[in-house]
Amino acid sequence: MTHEKEIVEPVDLCLPDGRLNPAAVGWTRRPLHRANLRGWGRTKRWEYWGIVTPTHIVGLVASSLDYAGVHGVYVLDRATKVETGKDVVVPFARGVVMPPVSGAGTVCARGGGLSIDIDQTAAGSTIRATAPGIEIDLVVPLPPGHESLGVVVPWNTRRFQYTVKDVGRPVRGSLRVNGTTHVVAADDSFAVLDHGRGRWPYAITWNWAAGSGPDVSIQLGGKWTDGTGSTENALFTGGRLHKLGAELRWTYDRRDWLRPWRISGDRVAVEFHPFHEKVSRTNLGVVASETHQCFGHFSGWAQADDGERVALDGLVGWAEEAQNRW
């Protein structure tokens, strides 16, 4: 079992003066934090959805970084490796709508020919997005009893992050790319949510990996949580969360991102085998980012709370390194 505190009642992320609420530090099985953030300049809010189907991988992000809204839609054709996408930067995040509680309310982002609309209710989420050559219309139901990982990562009382990683959600609907419509079927597709709300340091590096398959999903993170006493690591079996509390070791080749990655710890021994690398770079001088997100297959195991080693062989998803100055 993890050493981290499980939170079971709703809680405000911040104190009235904007500092981190000590009672908010811990992890949850469903969204219980209200992101009552205050202050300008270091506040970051985002919603990222990643969708994997047998034929495509889809990513979309709506975000507010205070001084800019950074939004994007991305589609990879798994057979041809053709990428279609659009990224936009909106000064001062004009028009961005970000609700304070994950899974409740509406997310909206517009700019440069791109639009993202996400409606969230207790029954699930609907995702609609358009960009040049792309139309996305998806429903992501929330199954009864489904658990997600919520974690507060405390660097200090002024810098902290609340994240929800919701892995292995069923998804159905349609994806239209350059005039061709593709059906997204719930029996062989899944969706992953990364909900973020916090106040960040200027420079940060993180690792993130997420993979899903029938009845089993894995969520792993690293670097950005090191030394905080919190981790964003969990195994999911049948929709139930098994919290993994130990920090992990990430090994990969930054000269060749498509070589196998290894992620290991007290209850984790994972290999990740990429089949495609997505590279994203932004350099605006003081503000810059570089992300290498690799899509691929997992193998190995993670240990459930009862000690069983659960096989991860064949899970599909991604592993990434992101470096940000923001």
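The values are calculated or read from the model by the stated rules, or taken from the named source; none is laboratory data. Everything quoted here is computed from the prediction, not taken from an experiment. Each accessible area value is taken on the protein alone, full model and side chains, heavy atoms only, with ligands, DNA and RNA left out. Shrake-Rupley method; radii C 1.70, N 1.55, O 1.52, S 1.80 Å.
Summary table below
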{"read-out": "Volume of the Cα convex hull of segment 1-154, divided per residue and given in Å³", "value": "140"}
{"read-out": "Set of aspartates and glutamates near Lys165 by C-alpha distance (under 14 Å), chain-local residues within fewer than 8 positions excluded", "value": "Glu47, Glu147, Asp194, Glu232"}
{"read-out": "log10 of Debye I(q)/I(0), alpha-carbon scatterers only, for the chain at 0.06, 0.09, 0.13, 0.14 Å⁻¹", "value": "-0.18, -0.42, -0.95, -1.14"}
{"read-out": "Hz values of 3J(HN,Hα) by residue in segment 236-249 - Karplus curve (6.51, -1.76, 1.60), Gly and Pro given as x", "value": "10, 10, x, x, 9, 8, 10, 6, 10, x, 7, 5, 10, 9"}
{"read-out": "Ranked order, Val183, Val310, Val101 - accessible area, probe 1.4 Å, largest first", "value": "Val183, Val101, Val310"}
{"read-out": "4 °C / 1.567 mPa s Stokes-Einstein diffusion coefficient of segment 101-251, Kirkwood radius on C-alpha pairs, µm²/s", "value": "76"}
{"read-out": "Ratio Rg/Rh, restricted to segment 194-326 and using Cα atoms, in which Rh is the Kirkwood radius", "value": "0.98"}
{"read-out": "Relative contact order (percent, whole number), the chain, Cα cutoff 8 Å, 6+ residue spacing", "value": "13"}
